[in-house]
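The values are calculated or read from the model by the stated rules, or taken from the named source; none is laboratory data. As the structure is a computational prediction, the values presented were derived from the model and not from experiment. Virtual Cβ from ideal backbone geometry, glycine too; neighbours counted across all protein chains shown.
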Amino acid sequence: MIVLLVSCLAALLCPSVHSQDSSVEWCYHNSTCGFTTWPKTAPQFCNGSSQSPIDIVTKSVQGNPNLTSFNFTGFDDNSTFMSINNTGQSVVVYLDSSKMTVQGGDLPDRYNSIQFTLHWGNGSSSPGSEHTVDGKQYPMELQIVNVLSKYNGSMSAALASNDTKGLSVLSFFIEGAQTQTNRWDNLTSLLTSIRNSGSGAPIMNQFTMDSLLEGVDRTKYYRYQGSLTTPNCNEVVIWTVFKDTIKVSHDVINHFSNTTFFKSSPLVLMTNNFRGVQPLNGRVVTSQLSSASLSAATSTISIITVLLLSSLF
């Protein structure tokens, strides 16, 4: 009972990335409040020029040598997962932000990890991710929300400041594969405990973030400036979208769309809880320099050097 109370308290103290303004009515499953209506229902930001998610067009991505490796603290600690919750729009896992931090990767400072959220379609064969790459939409997307350290783990404070560097979100595509995913199987087994909106369950000492990200190369990623992907769509997010996918069994993905329910009456299964891609509006997506680019740059420098030297003699 004490653990459950702690879990519920954590959910109250960690505001969801999906419900920053309870006065705004929004949803995924109804055309009257779906994401196409958000620019009207939450016009302050949802019709802004730096909205997320986006389609990442790889041929337009620019190289940035400053996008180095990250330093993940607490991602190997199994005491950092506090509770799993059905918010009525998604499934959110709340994290112990005092133990989990992210820095490096050309982020401006250290960030505290407060939660991760999942988005999916309608089964493992359906599109469900928010971001896309060259038009490809994956079945699921996991988004780890991190708050700039000066805000002491408070998303509300970061949003109130309108600080464009206030949040850093790490995004991972998820796709089905013929693989053993014991940790993911264990996580999805908890979904039956949170079928309805507003329900939650404690999950302390059962998982680590590293175990859910096993096999993903976290040194290769895309970077751009954007927004929350739900109202009020605040444009305060540094997005990192990793190139490698999380590979799980098809059953894991299917569990999400056939187990949990939206906040609605009558009950509707939670499916297709993603926002469509938004215009780039001149923003630049960057990534690490490819080996081909580095080779071309080196060759160009060598040719220029030879020409300069020959001109001296």
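So that you can scan it fast, the table gives a plain yes or no per residue for (1) in contact with a Lys or Arg (Cβ under 9 Å, 6 or more places away or on another chain); (2) surrounded by fewer than 20 Cβ atoms within 10 Å (Cβ to Cβ):
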{"position": "Asp77", "(1), (2)": "yes, yes"}
{"position": "Thr87", "(1), (2)": "yes, no"}
{"position": "Asn122", "(1), (2)": "no, yes"}
{"position": "Lys136", "(1), (2)": "no, yes"}
{"position": "Ile144", "(1), (2)": "no, no"}
{"position": "Val169", "(1), (2)": "no, no"}
{"position": "Ala177", "(1), (2)": "yes, yes"}
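Criterion applied to Thr164, Thr179 was being under 17 Å from the mean Cα position of the chain (by Cα), of a type in the set (Val, Ile, Thr) and in a loop (DSSP other than H, G, I, E, B), and the one residue passing it is Thr164. Across the stretch 276-298, the number of residues qualifying as over 16 Å from Thr58 (Cα atoms) and modelled with pLDDT under 95 comes to 5. The set of residues in the stretch 146-163 that are among the aliphatic types (A, V, I, L, M) and surrounded by 15 or more Cβ atoms within 10 Å (Cβ to Cβ) comprises Val147, Leu148, Met155, Ala157, Ala158, Leu159.
Going through (1) surrounded by fewer than 22 Cβ atoms within 10 Å (Cβ to Cβ); (2) under 20 Å from Ile114 (Cα atoms) one by one, Ser193 falls short only on (2).
Only one of the numbered conditions (1) closer than 21 Å to Asn146 by Cβ; (2) buried (at least 16 other Cβ atoms within 10 Å of the Cβ); (3) modelled with pLDDT of 95 or more is violated by Ala11, and that is (3).
The stretch 22-141 holds strands (runs of 3 or more DSSP E) entirely within its bounds, and those carrying 1 or more residues that are small (Gly, Ala, Ser), in contact with a strand residue (DSSP E or B) (Cβ under 8 Å, 6 or more places away or on another chain) and free of Cβ contacts under 8 Å to residues at least 60 places away in the same chain map to 101-104.
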